[in-house]
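Here's the structure, in structure tokens; my notes come after.
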Amino acid sequence: MNATVAERAHDRPLMQTIEMLSESQQAAIRAIPPHDNAPILAIDHKRPVSMFIGDDFFQLEQQRLFRRQAVPITISARLAEPGSSVAHDGYGTPLLVTRDKDGKAHVFLNACTHKGAKLIDGCDVAKGNRLTCPYHAWTFSTDGKLIGAARPETFTNLDKGARGLAELPSREAGGIIWAMLDRHAEPDFSGVDEQLTADFAAFDLPDLHVYGHKTFHLNANWKLVLEPFLEGYHVQRLHARTVGPLFADVPNVVDKLGINIRQISGKLNFTPDCLDIPGENIHASVTHAYNVFPNCVVVTSPYYISVMFLMPTAADKTTVDYFMLTRRPPDNPKGAALYQKSYDMIVSVFGGEDFYAAEISHAGLSTGAIEETVYSGLEATIPVYYGILDRVLAG
Ligand SMILES: [Fe+2]
């Protein structure tokens, strides 16, 4: 008997046919024109350099973008098991992300309610339903309750119920965990779009395996780190010696999903006919690149998905949490070698090329040589993104 598509999906990591994707994804894929019929789009768009350089715009973004609405924090797959916790420092505020014993995700301020010490540190995921502060051994459950304080008889009136961890409003959907960084602000989860999370669910994002994770500390404004993931103009140039030759120099099919953006493009080997070959892995010929507003990027590759969170800590400093997700851990030497090669390649392309480009742009823009950046029709998603950004900042 022939293997079903689902069975084959387990044989070949992330192998998905077009039918496995959401209707909206399928419609966008079917809207990709053949490369020889791709439109030539010319645009006139400029942005002031002051939005990348200097503290004024950074402070405005911190207040109106990163503190007034929920932002993407991490991936669900980071906390695969109930009773797990991880420290998260990328936004400059020490956070603690947990999955409690019932499977619910939480985001807390990573501060013991005795004297504020960080409960856990480093980037390893802690297993177990209890978190014990290293300082005086106060113990909390992964749902934030204080369950034990050392020598409790030495406190009078210690109200354990009032000494739970400070929790940030959070939401988990489609394999992403969002939270309000300002727990006193009116919670705004309008970025958690139904179509976005349906698309991610179609990729099985919530259930994928974290094959690799790397944190980068970059000397560049976070939007300069983001821009390469909103345009194909650089691909055949910056990536000429690596992945560039795999891609076509044509515009993407772009859709707004609420305030998020989906870009779909046919790789060099794409033809509309290849969509109708039964059992064909759609990720071999089509690339999906999402912006989860404002600062998370999700990109598909034939055998894995890349998710990265671009977190500004200063106008010229960005921390990037990069994750490579596969369907499951490699279970044979050939798979292990393929994954390792893919991981080494993608980390060197993103790190050594895209992030490098962001850093040299930031350095050059800092000279004052130009007052405005300028964008081509092969970068037309960038004005779409900045249109959303402008609206949110003005709101
Ligand atoms: Fe790139």
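The values are calculated or read from the model by the stated rules, or taken from the named source; none is laboratory data. Values in this document were obtained by computation on a predicted structure and should not be read as measured data. Don't worry about glycine lacking a Cβ; one is built from the backbone with ideal geometry, like all the others, and counts go over all protein chains shown. Protein only, heavy atoms only, side chains kept; ligands, DNA and RNA dropped before computing areas. Shrake-Rupley method; radii C 1.70, N 1.55, O 1.52, S 1.80 Å.
About its Cα centre, how strong a charge dipole does the chain have in debye, to the nearest 20, once Lys and Arg get +1 and Asp and Glu get -1 at the Cβ? Mind dumping the intermediate values first?
Numbers: 35 positive and 46 negative charges, 237 e Å.
For this selection, approximately 1140 debye.
Nearest 20 debye, what's the magnitude of the dipole of region 73-179 about its Cα centre given +1 on Lys and Arg Cβ and -1 on Asp and Glu Cβ?
Details: 13 positive and 11 negative charges, 30 e Å.
Approximately 140 debye in magnitude.
If packing is taken as the mean number of other Cβ atoms within 10 Å per residue, what is the order of 139-147, 27-35, 273-281, highest first?
On the way: 139-147: 19.1, 27-35: 15.9, 273-281: 12.6.
Ranking the peptides 139-147, 27-35, 273-281 by packing returns 139-147, 27-35, 273-281.
Pairs to check: Lys223/Lys317; Lys223/Lys341; Lys104/Lys145; Lys115/Lys160. Give those whose C-alpha atoms are more than 21 Å from each other in this structure. Mind dumping the intermediate values first?
On the way: Lys223/Lys317 11 Å; Lys223/Lys341 29 Å; Lys104/Lys145 14 Å; Lys115/Lys160 14 Å.
Correct reply: Lys223/Lys341.
Mind checking the dipole of region 295-395: about its Cα centre, +1 per Lys or Arg Cβ, -1 per Asp or Glu Cβ, Debye to the nearest 20? Don't jump to the answer; show the numbers that get you there.
Numbers: 6 positive and 11 negative charges, 119 e Å.
Value, rounded to 20: 580 debye.
Would you compute the Debye intensity of region 73-179 from its alpha-carbon atoms alone, equal scatterers and no solvent, and pass along log10 I(q)/I(0) at q = 0.12 Å⁻¹ to two decimals?
The Debye formula, applied to the Cα set alone, gives -0.37.
Averaged per residue, what accessible area in Å² does the chain show with a 1.4 Å probe, protein chains only? All intermediate terms of the calculation are to be shown ahead of the outcome.
Numbers: 17530 Å² over 395 residues.
Averaged over the residues of the chain, the accessible area is 44 Å².
Give me the percent of accessible area attributable to carbon and sulfur for the chain, probe 1.4 angstrom.
Details: 9180 of 17530 Å².
Taking all protein chains in place, the chain shows 52 percent carbon and sulfur surface.
Taking θ = phi - 60°, what integer Hz values does the Karplus form 6.51 cos²θ - 1.76 cosθ + 1.60 yield along region 137-153, in sequence order, with x for Gly and Pro?
3J(HN,Hα) across region 137-153, in whole Hz: 6, 5, 10, 10, 8, 5, 8, x, 7, 6, 10, x, 10, 5, 6, x, 5.
Choose one answer from Asp89, Asp102, Asp207: the residue with the largest mean-square fluctuation in a GNM of the chain with alpha-carbon springs under 10 Å.
Ranking Asp89, Asp102, Asp207 by mean-square fluctuation puts Asp102 first.
Give the residue from Pro330, Ile382, Gly161 lying farthest towards the positive end of the charge dipole for the chain; charges sit on Cβ (+1 for Lys and Arg, -1 for Asp and Glu) and the dipole is referred to the Cα centre.
Result: Gly161.
Rounded, prolate or oblate: which one fits region 122-165, using the alpha carbon gyration tensor with axes a ≥ b ≥ c (rounded when a/c is under 1.5, else prolate when a/b beats b/c, else oblate)? Please list the in-between numbers first.
On the way: a/c = 2.89, a/b = 1.82, b/c = 1.59.
Prolate, because a/c is 1.5 or more and a/b exceeds b/c.
Along the charge dipole of the chain, which of Ser342, Ser22, His114 sits closest to the positive end, that is, farthest toward it, with unit charges on the beta carbon of Lys, Arg, Asp and Glu (+1, +1, -1, -1)?
With unit charges placed on the Cβ atoms, the residue in question is His114.
Would you work out if the chain is rounded, prolate or oblate? Take a ≥ b ≥ c from the square roots of the eigenvalues of the alpha-carbon gyration tensor; rounded if a/c is under 1.5, else prolate when a/b is larger than b/c, oblate otherwise.
Working: a/c = 2.07, a/b = 1.37, b/c = 1.51.
Because a/c hits 1.5 or more and a/b fails to exceed b/c, the chain counts as oblate.
Mind checking which of Trp178, Ala240, Val86 is farthest towards the positive end of the chain's charge dipole, using Cβ charges of +1 (Lys, Arg) and -1 (Asp, Glu) about the Cα centre?
Comparing the listed Cα positions along the dipole, Val86 ranks first.
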